[in-house]
Amino acid sequence: MHTFRAWPILYTQRWGVLYFNEYFSSVFTKEDLSSIPTCANKPLPFFHISEIDITEDMVKSKLKRLRPDKAGGADNLLPRLLVSIQQEISYPL
């Protein structure tokens, strides 16, 4: 019986790829694409931004749930900063 350490790296990587390919090929089914149902064209509801009510308490509640030890989001605002100034920014938002 061979151990993985005795096999060359390239062979073990190739074996791993082949093994996973065989496994996932057996798990997923091949769908019949000719019988996909069509979606009925229903009009989507249209909402104006003025119809959305955001209260000061809602903003404060969301800001209180932020974890100050986490990194900033796409806007690069740190949660620590938002938590520290939540009283000042909750009304204007």
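The values are calculated or read from the model by the stated rules, or taken from the named source; none is laboratory data. Values in this document were obtained by computation on a predicted structure and should not be read as measured data. As a convention, Cβ positions derive from the backbone with ideal geometry for all residues, glycine included, and neighbour counts pool all protein chains shown.
Every residue, every condition in (1) more than 30 Å from I85 (Cα to Cα); (2) within 28 Å of the chain's Cα centre (by Cα); (3) of a type in the set (D, E); (4) modelled with pLDDT of 80 or more, yes or no:
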| site | (1), (2), (3), (4) |
| --- | --- |
| I9 | yes, no, no, no |
| T29 | yes, yes, no, no |
| S35 | yes, no, no, yes |
| T38 | yes, yes, no, yes |
| I54 | no, yes, no, yes |
| V59 | no, yes, no, yes |
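Run down S61, S90 and say which single residue is surrounded by 10 or more Cβ atoms within 10 Å (Cβ to Cβ) and either touching a residue at least 24 places away in the same chain (Cβ under 8 Å) or in contact with a Ser or Thr (Cβ under 6 Å, 6 or more places away or on another chain) (or both).
Of the residues listed, the single one that is surrounded by 10 or more Cβ atoms within 10 Å (Cβ to Cβ) and either touching a residue at least 24 places away in the same chain (Cβ under 8 Å) or in contact with a Ser or Thr (Cβ under 6 Å, 6 or more places away or on another chain) (or both) is S90.
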